[in-house]
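K.L.:
I have a structure here, written as structure tokens, and I will follow up with some questions on it.
Bear in mind these aren't lab numbers, they're just calculated from the coordinates by the rules spelled out. No experiment lies behind these values; they were computed from the predicted model shown. Glycine gets a Cβ as well: all are built from the backbone with ideal geometry, and neighbour counts include every protein chain shown.
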Amino acid sequence: MRWLRFKRGDDPPKWGWISEDGLVGEASAAPFGSYTRQQAQYALDEVQLLAPVVPSKIVCIGRNYVEHAREHNAEVPTVPLMFLKPPSSVIGPNQPIILPPQSQQVEHEAELAVVIGKRGRWIPADEALSYVFGYTVANDVTARDLQRRDGQWTRGKGFDTFCPLGPWIETDLDPADALITCRVNGEVRQSGSTRDMVFSVAQLIAFISSVMTLEPGDVILTGTPAGVGPLNPGDVVSVEIEGIGELLNPVEAEQLPHP
Ligand code: ZN
């Protein structure tokens with residue numbers, strides 16, 4: 001099933017679901033606990049899609065595809081390389097990625113995002129997929145110049161709008177072999193499969209939960225295939241994952257409040 005968050009006009013944000021014939025219905029609460037669903041009644045183009053989850057944290061994995069590590073002349077990690085993006089970086093489908101004035105090199109990173117469905121610590125790898133609620137599409141937008149300059153990645157990965165998520169959560173997906181494609185203005189930049197991950201989704205959940213408790217709604221970004229490249233004002237970037245859908249975002253330069 002597909003779950004989403006949406007808005008109609010000035011109404012408050014709502015959780016919802018998508019029917020077989022592509023209509024949106026309201027749900028009374030987040031799907032991680034108890035909820036009731038109403039009949040699907042709105043066309044997708046009648047609603048504004050929001051980021052499909054409000055995570056308490058976004059745990060990201062660096063260099064989880066061999067070819068991407070190679071394009072940066074980086075070693076392939078022997079244990080998962082973990083970092084965080086702040087919840088304030090999340091935006092939804094069609095919302096603009098804002099290029100901050102501190103960076104001259106902002107890049108896209110197309111990634112499979114895992115949405116956690118139940119709380120866990122020290123989750124064994126062979127039970128890990130039962131802690132997954134579903135999967136969505138992410139763009140781990142990165143100020144590459146600041147990431148290199150700082151040595152650690154909080155600034156380069158943490159700007160507002162640097163974590164587009166969406167368009168919805170797909171609960172029925174096999175994460176072992178899903179094609180990931182990133183296009184900028186229609187031109188293919190990244191093309192890979194989750195089959196080429198160094199550490200699998202189950203291994204990542206086991207590893208991360210040995211460090212921190214995973215909560216319902218938390219998001220794991222599982223790393224990007226090769227082909228990362230620049231974003232410029234006026235671009236439209238799309239990340240598509242087979243079996244989930246396509247996440248589109250325009251790109252704009254930041255308008256400073258005090259020029
Ligand atoms: Zn990434």
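K.L.:
Over every pair of different alpha-carbon atoms in the chain, take the mean of 1/r and invert it; report that Kirkwood radius in Å.
P.N.:
Evaluated on the chain, it is 18.5 Å.
K.L.:
Is any residue of region 154-175 close enough, with backbone N under 13 Å, to a label point placed 7 angstrom from the Cα of L129 along the Cα-Cβ axis, and if so, which?
P.N.:
172-175
K.L.:
Now for a separate question. Excluding same-chain pairs closer than 8 in sequence, count the lysine pairs in the chain whose Cα atoms lie under 15 Å apart.
P.N.:
Lysine pairs, 8 or more places apart or on different chains, close enough: 4.
K.L.:
Let me ask you something else. Show that you can apply the helix-only estimate: for the chain, add -39,500 (n - 2.57) for every DSSP H stretch of four or more residues, divide by all residues, and state [θ] at 222 nm to the nearest 500.
P.N.:
-2500 deg cm²/dmol
K.L.:
Using the Cα atoms as the points, what is the convex hull volume per residue of region 2-50 in Å³? Could the numbers behind the result be given before it?
P.N.:
Numbers: hull volume 3.5 nm³, N = 49.
Each residue corresponds to 71 Å³ of Cα convex hull volume.
K.L.:
Suppose we keep just the alpha-carbon trace of region 1-129; what are its Rg and Dmax in angstrom?
P.N.:
Values for region 1-129 (Cα only, Rg and Dmax): 18.3, 52 Å.
K.L.:
So if I place +1 on the C-beta of Lys and Arg and -1 on the C-beta of Asp and Glu, and nothing else carries charge, what would the dipole magnitude of region 172-223 be about its Cα centre? I want it in debye, nearest 20. Present the calculation step by step, with values, prior to reporting the outcome.
P.N.:
Values: 3 positive and 7 negative charges, 46 e Å.
Rounded to the nearest 20 debye, it is 220 debye.
K.L.:
Quick one: which residues, 5 or more positions from V198 or on another chain, have an amide H under 5 Å from its amide H? H modelled 1.01 Å from N in the peptide plane, none for Pro or chain starts.
P.N.:
When sequence neighbours closer than 5 places are left aside, the close amide H contacts are Y65, V66.
K.L.:
Where q = 0.10, 0.21 Å⁻¹, what log10 of I(q)/I(0) comes from the Debye formula for region 116-259, counting one point per Cα?
P.N.:
Relative scattering, expressed as log10 I(q)/I(0), comes to -0.39, -1.42.
K.L.:
Also: So how many Å³ per residue does the convex hull of the Cα atoms of region 77-186 work out to?
P.N.:
Convex hull of Cα atoms, per residue: 143 Å³.
K.L.:
Another question, then. Kindly rank 30-38, 51-59 from highest to lowest mean number of other beta carbons found within 10 Å of each residue.
P.N.:
Working: 30-38: 13.7, 51-59: 22.0.
Ranked by mean Cβ neighbours within 10 Å, highest first: 51-59, 30-38.
K.L.:
Please give the length that would be gained between Q102 and Q38 if that part of the chain were fully extended, namely 0.36 nm times their separation in residues minus their C-alpha to C-alpha distance (nm, one decimal).
P.N.:
Taking 0.36 nm per residue and subtracting the Cα distance, the gain is 18.4 nm.
K.L.:
D235's amide H: which non-local residues (gap 5+, or another chain) put their own amide H closer than 5 Å, with H modeled 1.01 Å from N in plane and none for Pro or chain starts?
P.N.:
Amide H neighbours of D235, under 5 Å, 5+ apart: V251.
K.L.:
Turning to a different aspect of this structure: What dipole magnitude, in Debye to the nearest 20, does region 22-181 give about its Cα centre under +1 on Lys/Arg Cβ and -1 on Asp/Glu Cβ?
P.N.:
680 debye
K.L.:
Output ³J(HN,Hα) for region 186-197: one whole-Hz value per residue in order, computed from phi by the Karplus curve 6.51 cos²θ - 1.76 cosθ + 1.60 with θ = phi - 60°, and x for Gly and Pro.
P.N.:
With the stated coefficients, region 186-197 comes to x, 8, 5, 10, 10, 8, x, 9, 4, 4, 8, 5 Hz.
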